[in-house]
Amino acid sequence: MTDIEERINFRTDLLDDSRDDEGFISQSELLSQVIPSMLDAKLVDSEDYNESYLDDKHDNLKLNAYSVSGSGERLQLFIIDENTIDETSKEDKLLVSQKADYESQFKRVDRMIKKAFKGELFNSIQDSDKAKVLASKLESVEGFTEYDVIEIFLISLTVTYSNQGKTPQPRSIHFKEEKINRVFKSAEVNDKKEVLIIKKLIDLNFLFNVMVSRGHREVLTIDFERTFNYSIEAIKAAENESFASYLCVLKADVLADLYKQYSSRLLEKNVRSFLDFRGVNKGIKETIRKEPEKFIAYNNGLTITATAVKTYEKKKKLYIESLTDFQIVNGGQTTATIYFSKKDGLDVSKVHVMTKINVAKQTNEKELEELINNISEFSNAQSRVSKVDLRSRNPQLIKIKTLSDSVLTPSGHKWFFERSKGEFSTMLRKAGNNKTRIKKEFPTERKFTKELMAKYYSAWGDEPYMVKKGGERIFRHFIEQLSPEDESKAPEINRLYYEDIISKIILFRKMEKLHGQGKKAIGQIRSAVIPYSLSVLYHYTDKSGQPFDMSKIWRQEGLEEDLGQFLYDLMYLMNDLIKQYSLSDDYGEYAKKSELWNSIKKSNEITAFMNNLNSLKVLKKYIL
């Protein structure tokens with residue numbers, strides 16, 4: 001089978017997994033399949049997104065969804081080329097060699113952005129359209145102030161290929177960035193700024209590569225000279241066959257530009273999941289404001305790892321041209337604070353940061369992970385990163401995998417726990433003629449990844465806003481409970497614990513079905529409504545010392561009718577309460593704030609609902 005044929009076959013599996021309850025291929029379902037792969041590649045901070053469907057055929061505008069980066073300065077827009085998800089398409093229609101074919105799709109979002117910048121988008125959209133909220137934010141002073149970077153992701157189920165050579169070969173394709181000077185005028189504000197527009201193609205090549213690499217992140221290569229026109233002078237401090245260390249002093253402007261271009265992709269995953277970049281370090285900011293020349297003396301500096309370095313000499317001085325697999329291991333808070341300080345108008349031109357660059361040469365992924373973990377542990381980090389094993393080989397995750405391989409449900413089935421990314425796809429590729437049998441044995445509803453397990457399990461708790469954020473932060477939250485630093489507090493991973501996990505997965509997924517999607521849904525903020533509703537139930541059961549009997553769900557492998565109706569009514573109420581108590585029209589984003597949860601859980605509406613006769617009857621039945 002050729003590389004291109006493999007990708008076309010992969011497309012078939014992807015489309016099969018993107019069918020709605022009625023068997024039709026859904027753009028929304030496809031997006032939910034694709035976003036996790038983008039998270040693996042560090043292109044997004046979370047698998048969470050806000051549906052914002054817009055398809056204006058008159059002006060040729062298109063948008064499927066959006067999200068805002070964890071640090072708030074980057075707006076990410078998602079568009080699906082609907083022509084590429086037709087399952088009847090012939091193979092030749094799915095092979096693309098010309099950049100122009102993709103550019104025409106990017107322009108559909110481009111036009112939308114520029115229309116918003118002119119203040120003309122909001123009034124052109126019908127009130128019922130999901131994109132109304134985004135249009136309002138883009139045209140507001142808040143949108144003008146917050147969004148420095150707009151990243152457009154085009155999802156196209158096509159194979160980009162090159163004809164150079166004897167046979168067509170898959171290839172990657174890149175798009176030129178654009179800088180737009182935006183002017184904003186209102187009664188209160190008259191200002192202008194430069195907005196960076198970045199375009200990225202998510203095609204079958206990208207998705208297939210993430211799958212076969214078993215979730216390994218996309219390597220970030222930074223060419224300082226070509227991308228930023230910077231020369232990084234350095235001193236080689238040490239070198240042997242497998243390792244080299246460089247010392248340099250980086251200007252704060254360099255770090256600010258790096259953060260603007262790459263955001264959290266700069267940061268090693270352990271650091272990225274731990275730090276909250278919306279909370280700028282006040283001490284660092286005060287030094288920038290009052291004593292910028294002394295910053296290098298006060299600050300601990302940066303530690304960066306890479307797997308390759310390009311250097312050159314000029315006038316007997318050594319310069320770093322580029323670094324491959326760039327990751328900030330210590331100093332993430334410093335980098336983010338410098339960026340946001342500059343954004344807030346502080347002068348960072350006199351700020352310099354001491355930097356150590358460790359290059360691990362000829363190393364594999366496992367060895368690099370070990371090196372990074374050791375650097376994180378032994379370095380004098382300004383923000384202590386707790387020692388938790390976020391890797392798939394975490395011993396507690398291995399125990400859960402062993403249980404999933406052996407435990408049968410009451411109806412005689414097994415669940416498939418995908419401990420390592422791409423594990424199930426790899427098994428299918430090796431199965432040959434048994435592929436259909438395996439897919440039937442483990443349908444989508446009886447499969448889960450470690451990331452999804454973290455989300456579903458953590459949803460049964462008192463922090464729905466964290467579940468809404470998703471991504472590596474909620475995974476860390478789960479792992480810290482599964483494998484705490486104090487091993488005596490670690491839960492015992494036995495059959496009962498595994499049954500509890502599966503029960504919570506069933507509960508969450510059944511609520512997704514009850515809520516619905518599209519025209520038949522309770523509302524358009526399902527990703528907030530479900531965790532918030534579950535937290536209310538948790539608050540009135542386990543949190544109140546009256547444990548909810550999850551074993552009923554395990555034995556039933558579903559929800560009984562009375563519980564299902566109770567949850568539907570609770571979600572219906574929650575959909576209204578999120579809108580009522582939100583201090584922003586962007587309900588999905590505001591649901592990531594603890595303030596909303598604090599308002600809702602104490603509300604009179606929740607108290608009345610949970611104490612009505614029907615609710616009390618259901619609670620009595622399911623409380624141990």
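The values are calculated or read from the model by the stated rules, or taken from the named source; none is laboratory data. Here the structure is a predicted model, which means the values were calculated and not measured. So basically every Cβ, Gly included, is an ideal-geometry build from the backbone, and we count neighbours across all protein chains shown. These accessible areas exclude ligands, DNA and RNA; they are computed on the full protein's heavy atoms, side chains included. Shrake-Rupley method; radii C 1.70, N 1.55, O 1.52, S 1.80 Å.
Are there any helices (runs of 4 or more DSSP H) wholly within the stretch 366-468 with 1 or more residues that are open to solvent by less than 30 Å² (accessible area, probe 1.4 Å) and at pLDDT below 85, and if so which? Per the criteria, 423-431. Looking across the stretch 512-526, the residues that are out of contact with any strand residue (DSSP E or B) (no Cβ under 8 Å at 6 or more places or on another chain), open to solvent by 50 Å² or more (accessible area, probe 1.4 Å) and in contact (Cβ under 8 Å) with a residue 24 or more places away in the chain come down to Lys513, Leu514, Gln517. Condition test on Phe175, is it part of a helix (DSSP H, G or I) and closer than 27 Å to Thr227 by Cβ? Answer is no for this residue. Within the option set Ala238, Ala234, Ala244, Ala252, being free of Cβ contacts under 8 Å to residues at least 40 places away in the same chain and more than 30 Å from Val109 (Cβ to Cβ) holds for one residue only, Ala238. When residues in the stretch 1-48 are screened for being open to solvent by 30 Å² or more (accessible area, probe 1.4 Å) and either of a type in the set (A, V, I, L, M) or part of a loop (DSSP other than H, G, I, E, B) (or both), 11 of them pass.
Pairs linking a residue in the stretch 329-350 that is assigned to a helix (DSSP H, G or I) to a residue that is open to solvent by 60 Å² or more (accessible area, probe 1.4 Å) and not hydrophobic (A, V, I, L, M, F, W, C), with Cβ atoms under 8 Å and 6 or more positions apart or on different chains, are Gln333/Gln382; Thr334/Asn300; Thr334/Gln382; Ser341/Arg289. For the stretch 557-575, which residues satisfy the criterion of being surrounded by fewer than 14 Cβ atoms within 10 Å (Cβ to Cβ) and without any contact (Cβ under 8 Å) to a residue 40 or more places away in the chain? Answer for the stretch 557-575, where residues must be surrounded by fewer than 14 Cβ atoms within 10 Å (Cβ to Cβ) and without any contact (Cβ under 8 Å) to a residue 40 or more places away in the chain: just Glu561.
Can you spot a residue in the stretch 498-507 that is assigned to a loop (DSSP other than H, G, I, E, B), among the hydrophobic types (A, V, I, L, M, F, W, C) and farther than 24 Å from Val44 by Cβ? The answer is no; no qualifying residue exists. Looking at the stretch 128-140, is at least one residue touching a residue at least 60 places away in the same chain (Cβ under 8 Å), more than 21 Å from Ala41 (Cα to Cα) and among the small types (Gly, Ala, Ser)? The answer is yes; a qualifying residue exists.
Read through the list (1) open to solvent by 20 Å² or more (accessible area, probe 1.4 Å); (2) in contact with a Phe, Trp or Tyr (Cβ under 8 Å, 6 or more places away or on another chain), then give the number of the only condition that Tyr161 fails. That leaves (2) as the condition not met.
Counting only helices (runs of 4 or more DSSP H) that fall entirely inside the stretch 519-624 and contain at least 2 residues that are of a type outside the set (D, E, K, R) and at pLDDT 95 or above, the qualifying elements are 526-540, 551-556, 561-581, 594-601, 604-610, 613-622. Kindly establish whether Glu146 is under 19 Å from Lys260 (Cα atoms) and open to solvent by 50 Å² or more (accessible area, probe 1.4 Å). Criteria met by Glu146. Considering the stretch 269-310, and only residues there that are open to solvent by 60 Å² or more (accessible area, probe 1.4 Å) and among the basic types (Lys, Arg), the residue that is modelled with the lowest pLDDT turns out to be Arg278.
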